[in-house]
Structure formats: C-alpha cells, structure tokens
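Input: a single structure, listed below in structure tokens.
The values are calculated or read from the model by the stated rules, or taken from the named source; none is laboratory data. Remember, it's a predicted structure, so these values are computed and weren't measured experimentally. Here the Cβ positions follow ideal geometry from the backbone for every residue, glycine too, while neighbour counts run over all protein chains shown. Ligands, DNA and RNA are excluded from the accessible area calculation, which covers all protein heavy atoms including side chains. Shrake-Rupley method; radii C 1.70, N 1.55, O 1.52, S 1.80 Å.
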Amino acid sequence: MKGLNLKIIISFLGLTSMLNGAFMLFAVPFSMYYGESEKWGILQAGLLTIFIGFIIWFFNRNAKKNLGKKEGYLIVTLGWLMLTLTGTLPYVFTNTIPVYTNAFFETISGYSTTGSSILTDIESMPKGILFWRSATHWIGGMGIIVLTVAILPLLGIGGMQLFMAEAPGPSADKMHPRITETAKRLWIIYFILTFTEFFLLKIAGMTWFDAINHAMATMSTGGFSTKNTSVAYYDSSPIIQYIIIIFMFIAGANFVLSYFALKGKIRKVFKSEEFKYYLFGTIIATLLITFLIVNHQDANLQTSLNHTYPWGVTENAFRHAAFSVVSVLTTTGFVSADFTMWNSMVTAIIFSLFFIGGSAGSTSGGIKIVRHIIMIKSSFYEFKKLLHPNAIIPVRYDGASIPKSIIYNILSFFVLYMLIFIGSSLLLTFMGLDFQSAMGAAASSLGNIGPAIGSVSPVDNFAHLTISAKWMCSFLMLIGRLELFTVLILFTPFFWRKC
C-alpha cells in the first residue's frame with residue numbers, strides 16, 4: 001500500500017524473529033543439564049526461528065529508514081504476533097503442547113505477561129520447556145520492542161515511534177534525552193532487579209532453577225510458576241512469599257522511579273503522585289482484607305488456619321492478603337491461596353482490583369493507576385465547573401497542568417476498556433462459560449492478570465475453555481498488553497487511508 005514503508009516493517013519483523021530465536025537457545029542448556037530429549041526440539045525451534053528471521057530481514061535490509069506513526073503501530077502489533085507465532089515452536093516441536101490452539105494460548109499468555117495457563121500438570125513438564133515458558137514472560141515484560149529500539153541506531157532508524165507505541169501507560173517517561181539510551185537503561189534495571197530477586201530466592205531456600213523462573217515471572221509481572229500450586233507450594237517458607245511480594249510491588253511501580261531509587265534519589269520516588277496512591281492503596285486494601293480474613297471466616301477455616309500456621313492466623317492472614325492484593329494489583333497473577341474461598345466481600349474487593357492495574361511505565365497490565373487519578377480529578381473539575389462555569393480550573397497531576405487532549409484520551413480508553421470487557425464477557429457466555437467465569441476470564445485476559453473467579457479461579461486453569469473461547473481470550477491478552485489503541489487502530493478505515 002502506497003504511503004506505508006512495508007519493507008522496514010518486514011525487516012523489523014525479521015529482526016524480532018532472530019532475537020526471539022536467540023532467546024530460545026538459552027533454554028537448551030537447561031534441557032541438556034537435566035538430560036531431557038526435548039533439547040533437540042527446542043534447538044530446532046530456535047535455529048528455525050533465527051533462520052526465518054534472517055531470511056525476512058536479509059531481503060528487506062535495504063529498506064528506506066523513514067519510520068512514521070503508522071509503521072510504528074504496525075511494527076509493534078505485528079511484532080507481537082511474530083513473537084507469539086514463532087514462540088509456539090518449542091511447544092510444538094517437543095510435543096509438550098501438541099494442540100496448536102493451546103500452544104498459541106500459552107505463548108501469548110507468556111508474552112503478554114498474563115500468566116493464564118492451559119497446563120494441568122506443570123511439574124511434569126520438561127525443565128527446558130518450563131524455562132522457555134518463563135522466558136516468554138521476561139521478554140514480554142519490558143517489551144522486546146523496547147529492547148530492539150536500543151539497537152535500531154545501528155540500522156539508522158529512529159525509535160521514538162516504537163517506544164511511544166510500546167511503552168506502557170498514557171505517557172512514556174524518559175530517563176535520557178536519547179530514546180535508545182532510555183531503552184538500554186530500562187533493560188539494565190530490569191536485569192539487575194531480576195538477578196537480585198533470583199539471588200534472594202535462592203538464599204531463602206528455592207532451588208536455583210525455581211528461583212530463576214520465579215524471578216523472571218515476578219519482574220515481568222507474569223505469574224507463570226514451576227509448581228502446580230504456584231507460590232502456595234512455598235507456604236511453609238513465608239520468607240519466600242515476602243520476597244516475591246516485595247519484588248512484585250517493585251515491578252508494578254514505574255521503572256523510572258526504580259532508576260531514581262537506584263541512583264539514591266528517593267525524594268523523587270515519593271514525590272510521584274501515582275506512587276503515593278499505589279503505596280497507600282496497597283496498604284489499605286491489604287489491611288482491610290486481613291481484617292476480613294481474621295474476623296469473618298467460618299469456625300472450620302479458623303481452626304485449620306491456626307493448626308496449619310504456627311506463626312498465628314493474623315500473620316498468615318496478613319501475608320496472604322498482601323500477596324493476593326499485590327499479585328492482582330500488579331497483574332502478576334501468582335497465587336499463595338485461593339482468595340475466592342475466603343468470603344464474598346474479599347472476592348469482590350480483589351475482583352475490583354482487576355480494573356485498577358499497576359503504575360504507568362511498569363511491566364504490569366490493566367487500566368493503570370495514573371488513569372484513575374486523572375479521571376477522578378477530571379470528575380471533580382466538572383463539579384467545580386458547574387458552580388463556577390467561567391473559571392479556568394486546570395486538572396493537575398504531579399504539579400503540572402494536564403492537557404485536555406490527554407484527559408479525553410484517558411476517558412476514551414476507560415470507556416473502550418469497559419465496553420470491551422462487557423462485550424467479551426457476553427461473548428464468552430455464548431462460548432460455553434457461565435456468566436461469573438466469563439466475567440472473570442474477560443477481566444483477567446484484558447487486564448493481563450492470570451487467575452480470576454468462577455471456573456478460572458486461582459486453583460483452576462483455562463484448559464477447559466472451548467477453542468473459540470481460548471482464541472477470544474488470546475485476542476484480549478494481546479490488546480490488553482498493547483493498551484487497546486495500538487492494536488484496535490489497525491481495524492479503523494482511516495488508518496489505511498493515504499495521507
């Protein structure tokens with residue numbers, strides 16, 4: 001189509017494929033170490049992915065280096081699809097997930113950092129495959145698009161369009177005037193935090209393999225575990241769960257703030273309006289749920305809690321409340337306990353957190369806290385305008401006036417998000433789910449959360465969904481990860497009109 005630089009789009013997809021194949025090869029040593037025959041399937045998948053990417057890139061390497069907004073949106077969306085399509089190959093080649101719909105679902109769930117799974121016996125899976133499964137989280141967490149932006153100058157391509165389309169949240173904070181330097185620093189912070197958590201989990205008692213997998217899943221706010229019962233497996237080791245809570249919270253905060261914290265600029269962290277809401281909202285929700293667990297449980301459950309946990313029911317309630325709140329709020333999706341079994345009010349509170357999300361500029365999904373802050377402030381602004389129609393009362397965030405264009409964008413995002421949630425919930429009921437499960441699956445997939453309510457609760461999975469429902473949830477994961485507009489704009493007629 002005239003007007004679109006198709007060659008640069010295709011060459012970028014080739015580059016993305018090569019990088020993805022290289023990441024696959026990192027799973028081969030794990031498979032070899034554990035003496036698994038699946039190493040050959042993973043190796044073949046990695047080499048084939050690199051070969052496909054090289055061929056695509058080689059024949060388009062001389063593309064003109066102009067990159068506009070349209071190319072940026074196409075590259076991000078098609079790049080994510082390329083990641084997913086090639087990312088299914090290790091599952092297919094090793095026959096560990098032979099049904100392609102299931103392989104696609106598990107892969108898009110990984111790259112979108114949703115953490116929903118169709119696997120019914122995770123612990124029986126080969127270690128190389130489990131590592132690859134966690135690696136899809138880690139790649140998708142910060143975004144392989146941002147990673148690639150860091151090397152685009154080598155090709156003479158500017159990367160701002162890609163970063164703006166991929167970076168989570170309504171705006172892309174920069175730590176450096178050059179976008180490539182920002183991308184590099186993001187990944188350095190990401191790596192440091194992942195390694196730190198791995199080290200602490202290993203000291204706390206995890207095996208080195210479980211530690212590296214859980215670290216990757218935590219920092220990406222993904223939620224894939226190497227255990228069938230997720231982090232509930234480590235219930236007898238509270239320190240492990242507390243470490244994961246802390247790093248989930250860090251991963252759900254803006255990575256620019258993590259950069260400032262590592263530089264010793266703690267004041268900048270606490271000056272952030274979004275971070276203050278994030279911190280105090282987490283504390284309030286945790287204390288409220290702790291209170292409800294301790295004081296509003298039936299006698300049998302209370303007896304069980306006191307018998308099982310020597311530290312006392314209050315500490316146990318606090319830990320599981322904090323874990324569930326942080327896991328859902330950051331859209332990580334790890335599970336330490338089945339929150340749907342506590343009481344209906346707790347379930348309602350946690351389900352409401354499905355629609356909050358973490359901070360902008362983090363690896364978490366969902367609507368994002370900053371959008372809620374600006375929507376609430378905008379509502380109060382309208383109340384003031386009713387009383388003082390001629391007054392100029394700006395909506396302020398972090399001390400700065402917010403342009404009306406951003407406010408309209410945020411309101412549009414929220415309305416569209418809720419419409420998609422309602423519509424997809426109804427569609428999923430036609431695809432065989434009861435209404436509660438349909439709402440849970442839709443909210444979980446769109447918000448990239450993982451566990452939900454109904455038949456997709458924390459102790460269940462998505463294996464029982466029909467084929468159509470799995471594809472529906474896969475689509476929701478994709479548009480949720482790329483913040484709706486990046487994908488949905490491709491379905492509008494004006495996107496394809498010649499400028």
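If you go through the stretch 205-219 one residue at a time, do you hit one that is of a type in the set (S, T, N, Q) and either modelled with pLDDT under 95 or open to solvent by less than 10 Å² (accessible area, probe 1.4 Å) (or both)? Looking for residues that are of a type in the set (S, T, N, Q) and either modelled with pLDDT under 95 or open to solvent by less than 10 Å² (accessible area, probe 1.4 Å) (or both), one finds at least one in the stretch 205-219, hence yes. Summed over the stretch 395-419, residues that are surrounded by fewer than 15 Cβ atoms within 10 Å (Cβ to Cβ) and more than 29 Å from S220 (Cα to Cα) total 8. Can you confirm whether S117 is outside any helix (DSSP H, G or I) and within 27 Å of F209 (Cα to Cα)? The answer is yes for S117.
The C-beta contact set for the stretch 347-373 (first residue touching a residue at least 24 places away in the same chain (Cβ under 8 Å), second residue outside any helix (DSSP H, G or I) and among the basic types (K, R), distance under 6 angstrom, 6+ apart or interchain) comprises G357/K368; A360/K368.
Residues checked against (1) open to solvent by less than 20 Å² (accessible area, probe 1.4 Å); (2) over 23 Å from A469 (Cα atoms):
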| site | (1), (2) |
| --- | --- |
| T107 | yes, no |
| T113 | yes, no |
| M125 | no, yes |
| I129 | yes, yes |
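List the number of the failed condition for G264; all other conditions in (1) assigned to a loop (DSSP other than H, G, I, E, B); (2) touching a residue at least 12 places away in the same chain (Cβ under 8 Å) hold. Here G264 clears every test but (2).
The residue that is surrounded by the fewest Cβ atoms within 10 Å (Cβ to Cβ), counting only those in the stretch 186-203 that are within 11 Å of H214 (Cβ to Cβ) and in contact (Cβ under 8 Å) with a residue 24 or more places away in the chain, is L200.
This table checks each residue for (1) surrounded by fewer than 24 Cβ atoms within 10 Å (Cβ to Cβ); (2) farther than 25 Å from S272 by Cβ.
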{"site": "T330", "(1), (2)": "no, no"}
{"site": "V335", "(1), (2)": "no, yes"}
{"site": "M341", "(1), (2)": "yes, yes"}
{"site": "M345", "(1), (2)": "yes, yes"}
{"site": "I349", "(1), (2)": "yes, no"}
{"site": "S352", "(1), (2)": "yes, no"}
{"site": "S359", "(1), (2)": "no, no"}
{"site": "T363", "(1), (2)": "no, no"}
{"site": "H372", "(1), (2)": "yes, no"}
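On inspection, S230 does not qualify as over 20 Å from G115 (Cα atoms) and over 14 Å from the mean Cα position of the chain (by Cα). Filtered by the rule that a residue be over 14 Å from T84 (Cβ atoms) and either within 14 Å of the chain's Cα centre (by Cα) or among the small types (G, A, S) (or both), the stretch 457-475 gives S457, A463, S468, A469. For the stretch 420-432, indicate whether the set of residues that are at pLDDT below 95, buried (at least 18 other Cβ atoms within 10 Å of the Cβ) and more than 20 Å from V99 (Cα to Cα) is non-empty. No, the conditions are met nowhere in the stretch 420-432.
If only one of K227, K174 is modelled with pLDDT under 90 and either open to solvent by less than 20 Å² (accessible area, probe 1.4 Å) or farther than 24 Å from I283 by Cβ (or both), which one is it?
Numbers: K227 fails: modelled with pLDDT under 90.
The conditions single out K174.
Of everything in the stretch 230-281 that is open to solvent by 20 Å² or more (accessible area, probe 1.4 Å) and charged (D, E, K, R), the residue that is nearest to I122 (Cα to Cα) is D235.
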